[in-house]
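Undergrad: Mind looking over this structure? Questions follow.
The values are calculated or read from the model by the stated rules, or taken from the named source; none is laboratory data. Small disclaimer: the values here were computed from a predicted structure and weren't measured. Cβ: placed from backbone, ideal geometry, glycine included. Neighbour counts: every protein chain shown. Surface accessibility is based on the protein's heavy atoms, side chains included, excluding ligands, DNA and RNA. Shrake-Rupley method; radii C 1.70, N 1.55, O 1.52, S 1.80 Å.
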Amino acid sequence: MEKQNRRSFLKTTALIGAAATGISTKSASAKPKNILSEDRMGVLVDTTVCIGCRNCEWACKTAHNIPTEDQIKYEDRSVFKQMRRPEPNAFTVVNEYPNPQNSALPTDVKIQCMHCDHPACVSACIVGAISKEENGSVIWDTKKCIGCRYCMVACPFQIPSFDYNKPMNPEIRKCDFCIERTKKGLLPACVKNCPVEALTYGPRNELIKEARERIKRYPDKYFNHIYGETEAGGTSWMYLANQDFSKLAFPSPGDKPMPGASESIQHGIFAYFVPPAFLYALLGGIMWITKKRNEPE
Amino acid sequence: MEHFTKPSPVYKKFFTPGVFVLVILALNGLAFLAGRLIFGIGAVTNLNNQYPWGIWIGIDVAAGVALAAGGFTTAALSHVIHKEQYHDIIRPALLTAMLGYTFVALAVSIDIGRWYYIWHPLIMWNGNSALFEVGICVIMYLAVLYIEFLPVVTERFIGKVRMKGIFSILNKPLDAILRILDKGLSKTMFIFIILGVVLSTLHQSSLGTLMIIAGPKMHPLWQTPVLPLLFLLSAISVGYPMVIFESILASRSLGLKAEMNVLSELGRMVPPILGIYLAFKIGDMVIRGSFVYLTEFNTASVMFVIEVLFGVIVPLRMFLSEAVLKSKPLLFVASVLVIFGVLLNRINNFVVAYTPPYSYGPYFPSIGEISVTVGFISLLVLAYRFIVLNFPVMSLPDKSSVPQSKFAIRGTQK
Ligand code: SF4
Ligand code: SF4
Ligand code: SF4
């Protein structure tokens, strides 16, 4: 009910704007799609299994029509000398870190969008261009995006990237969880192409069980933490590792959903538009009284 | 009430050597702006995937909005609580706010990657997004500011529409339209004045909510859940200093006499607001225990100390002194310090405090970014000068000495 009020007020206020631009508000909704389905899918990344072959990088580019060099070139391990981040033309990258248990076997970490359960980017986007879908993927809509880059400011994992050098239609680029493939029942390209099954695709709940099982079975091999189970309120992509995640350059955003604080402040200030309306009435009252007082002069 | 002044256009030449410099700066900014439009944001800025926002957001937008607060604070003072003695400063303050927000809107449009989609927030809403609330409020407030300024335009042209040639047949109807507009406006203006104040409090505070979602990416000296309140308080506290600053500056450059008695009275109202702001800022720091970061010596701690010391504490002390309130140069300096403090606060919040988890080096604005920002400010000053020379904005001594309150106190008169 209260929600309804707020929404209908938003409708009225925006009607003014819409009338000015002559555009119908029928299709507009006050919030972007943000579904937290019980059966949302996820991927468990077992960094102890990953061999750093970067097949996933190649597969991801190929699946998204991003031009790339031959797969054979990916065998070059010198790229690991530098830490790399996802970019407009690389939705996923693998970085390498030392392994304290066995220096001959470094730890390789594939990174991409975490597909958060409570995505900061979805909450932040000014026009609701980013949405969380039923299957867990967080995807971006080119028809809405205005390129303000607030999603980049908001993302705790520093994932979305932007085409800074395109004057027209620059895009926010990030892993889309291969939504076009999964819709057709295919595996995400990176999962499909991993030769050592470091990536497991499945319902998020199952993956957490599986991860717990692995840690229980090999307590010496794994650091006892599933990164992504609770981070930033939980993410669809989760990680296992042989060492503390901070050593693998994972950020520590805390366990609370990132949008929590800002959304409650936001809704507190606006609180179904009661405070602004109250302020309006108050100022109107003061104006009326002081005017009366000045009149007799 | 004796009103011996009356808003009227200032009769002076537009061009002076200073104006010439401004024109060059503006052209330089426009050149870089063209570069941005032709080659993309990356070509003229130092922004990247680590630092998505730079000074175009920190200065042009965030500080721009704060420094245009003189508009709603004087409107509240003069129209809402009816302090009649401030009517002379209301039009200049309104003009600054109107131009300020116009340039804020321009700056936003060129900072976003897809400037041609700037209208999207009007029909595509995300009520969860602080940026959405800021955007909608700024758009509505901009419209309100234009409406509030309309009487100045009608006043300028009523009875003076003299187009030549075939357009002359339009003169009569146009004049009639202006008169109707003028009448309607003076009856309904109070609605817009209150709306303007409400919208301002809303977006000034929402602007503070913006960075909260960045969470740990923002330095703890600034990241706090009370940011919206701090933003609102600092915006209110910079309102009158900004009016004092521009009054002194404008009167100097236009060869008018600054109304020191009005300005000192305005100055007297600064300390309570600035004091509350300071109390909240320090209180918040104590409660969160973030003062421990002041013991580290780095850019963040230095910038924080400069901001609070020279931008809040020193001017607060100055405004409390009677000698400062009476002296034009000292009042000017104190006002400049408050403005500097709020400007620095916005830069700190949006640029300095932003520490992405992965970065290849710190962000520093490029020549292009600085040029565009300076260019916009120059254009704003030029537009201000053009308008005060051509429209009845500044209050000048009234030759006939007849109080013409109809136009001076429009909208709030019965
Ligand atoms: S990791 Fe970042 S971009 Fe991906 S869903 Fe989470 S907030 Fe959004
Ligand atoms: S850049 Fe696009 S997707 Fe990101 S917040 Fe802005 S409008 Fe939304
Ligand atoms: S899920 Fe798809 S888009 Fe995401 S990293 Fe894997 S291949 Fe790339």
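Undergrad: Go through (1) assigned to a helix (DSSP H, G or I); (2) modelled with pLDDT of 90 or more; (3) of a type in the set (Val, Ile, Thr) and name the single condition A:Thr68 misses.
TA: Failed condition: (1).
Undergrad: Residue check, B:Val161 against (1) assigned to a helix (DSSP H, G or I); (2) more than 22 Å from the chain's Cα centre (by Cα); (3) free of Cβ contacts under 8 Å to residues at least 24 places away in the same chain; (4) farther than 30 Å from A:Arg149 by Cα, all met but one. Which one?
TA: All conditions pass for B:Val161, except number (1).
Undergrad: Give the residues of the stretch A:103-130 that are within 15 Å of ligand 1 (Cβ to nearest atom) and either among the small types (Gly, Ala, Ser) or over 23 Å from A:Pro251 (Cβ atoms) (or both), sorted by residue number.
TA: If the condition is that a residue be within 15 Å of ligand 1 (Cβ to nearest atom) and either among the small types (Gly, Ala, Ser) or over 23 Å from A:Pro251 (Cβ atoms) (or both), then A:Ala120, A:Ser123, A:Ala124, A:Ile126, A:Gly128, A:Ala129 are the ones that fit.
Undergrad: Quick check on B:Val198: is it in contact with a Gly (Cβ under 9 Å, 6 or more places away or on another chain) and within 14 Å of chain A (Cβ to nearest Cβ)?
TA: Considered against the rule, which asks whether it is in contact with a Gly (Cβ under 9 Å, 6 or more places away or on another chain) and within 14 Å of chain A (Cβ to nearest Cβ), B:Val198 comes out as no.
Undergrad: Give the residue, chosen from A:Arg6, A:Arg40, that is within 28 Å of the chain's Cα centre (by Cα), modelled with pLDDT under 95, more than 17 Å from B:Trp119 (Cβ to Cβ) and within 14 Å of chain B (Cβ to nearest Cβ).
TA: A:Arg6
Undergrad: For B:Pro220, which of the numbered conditions (1) more than 7 Å from chain A (Cβ to nearest Cβ); (2) open to solvent by less than 10 Å² (accessible area, probe 1.4 Å); (3) under 18 Å from A:Cys155 (Cα atoms) fails to hold?
TA: Unmet condition: (2).
Undergrad: Could you list all residues from the stretch A:131-163 that are under 17 Å from A:Ala90 (Cα atoms) and away from ligand 1 (no atom under 11 Å from the Cβ)?
TA: Once the filter is applied, which keeps residues that are under 17 Å from A:Ala90 (Cα atoms) and away from ligand 1 (no atom under 11 Å from the Cβ), the stretch A:131-163 yields A:Phe162, A:Asp163.
Undergrad: For the stretch A:108-186, give me every one of the helices (runs of 4 or more DSSP H) that falls completely inside it and has 3 or more residues that are farther than 20 Å from A:Glu87 by Cβ, away from ligand 3 (no atom under 16 Å from the Cβ) and within 11 Å of the chain's Cα centre (by Cα).
TA: In the stretch A:108-186, the matching helices (runs of 4 or more DSSP H) lie at A:120-124.
Undergrad: Taking helices (runs of 4 or more DSSP H) that do not extend beyond the stretch B:310-376, which have at least 3 residues that are out of contact with any Cys (no Cβ under 7 Å at 6 or more places or on another chain), closer than 22 Å to B:Asp111 by Cα and more than 14 Å from every other protein chain (Cβ to nearest Cβ)?
TA: B:328-347
Undergrad: Only one of these conditions is not met by A:Cys53: (1) in a loop (DSSP other than H, G, I, E, B); (2) within 23 Å of A:Gln158 (Cα to Cα). Which number is it?
TA: Exception for A:Cys53: condition (2).
Undergrad: Let me confirm something: among B:Met140, B:Met98, which residue is more than 7 Å from chain A (Cβ to nearest Cβ), touching a residue at least 24 places away in the same chain (Cβ under 8 Å), open to solvent by less than 20 Å² (accessible area, probe 1.4 Å) and assigned to a helix (DSSP H, G or I)?
TA: Just one listed residue meets the conditions, B:Met98.
Undergrad: Can you work out which of the residues in the stretch A:52-79 that are among the aliphatic types (A, V, I, L, M) and surrounded by fewer than 19 Cβ atoms within 10 Å (Cβ to Cβ) is farthest from ligand 3 (Cβ to nearest atom)?
TA: Residue satisfying both the conditions and the ranking: A:Ile72.
Undergrad: Which of the following residues is modelled with pLDDT under 95 and touching a helix residue (DSSP H, G or I) at 6+ places or on another chain (Cβ under 8 Å): A:Pro296, A:Pro259?
TA: Going through A:Pro296, A:Pro259 in turn, just one is modelled with pLDDT under 95 and touching a helix residue (DSSP H, G or I) at 6+ places or on another chain (Cβ under 8 Å): A:Pro259.
Undergrad: Moving on to the next point. For A:Phe223, indicate whether it is assigned to a loop (DSSP other than H, G, I, E, B), farther than 25 Å from A:Ser137 by Cα and more than 14 Å from ligand 1 (Cβ to nearest atom).
TA: Yes: the conditions hold for A:Phe223.
Undergrad: Continuing with the same structure: Quick check: anything in the stretch B:125-134 within 14 Å of chain A (Cβ to nearest Cβ), at pLDDT 90 or above and under 18 Å from B:Leu379 (Cβ atoms)?
TA: Among the residues of the stretch B:125-134, not one is within 14 Å of chain A (Cβ to nearest Cβ), at pLDDT 90 or above and under 18 Å from B:Leu379 (Cβ atoms), which makes the answer no.
Undergrad: Show the residue pairs that are 6+ apart or on different chains and have beta-carbon atoms under 6 Å apart, the first residue being within the stretch B:69-90 and facing chain A (nearest Cβ under 9 Å), the second being open to solvent by 10 Å² or more (accessible area, probe 1.4 Å) and among the charged types (D, E, K, R).
TA: B:His82/A:Lys291
Undergrad: Separate question: Of the conditions (1) open to solvent by less than 20 Å² (accessible area, probe 1.4 Å); (2) under 23 Å from A:Ile51 (Cα atoms); (3) away from ligand 2 (no atom under 16 Å from the Cβ), A:Cys113 fails just one. Which one is it?
TA: That leaves (3) as the condition not met.
Undergrad: Select from the stretch A:187-225 the residues that are of a type in the set (Ser, Thr, Tyr) and more than 22 Å from the chain's Cα centre (by Cα) and list them in ascending order.
TA: A:Tyr218, A:Tyr222
Undergrad: Sticking with this one: I'm trying to understand the selection: among the residues of the stretch A:166-190, which are among the acidic types (Asp, Glu), surrounded by fewer than 21 Cβ atoms within 10 Å (Cβ to Cβ) and in contact with a Ser or Thr (Cβ under 7 Å, 6 or more places away or on another chain)?
TA: Listed by number, the list holds a single entry, A:Glu171.
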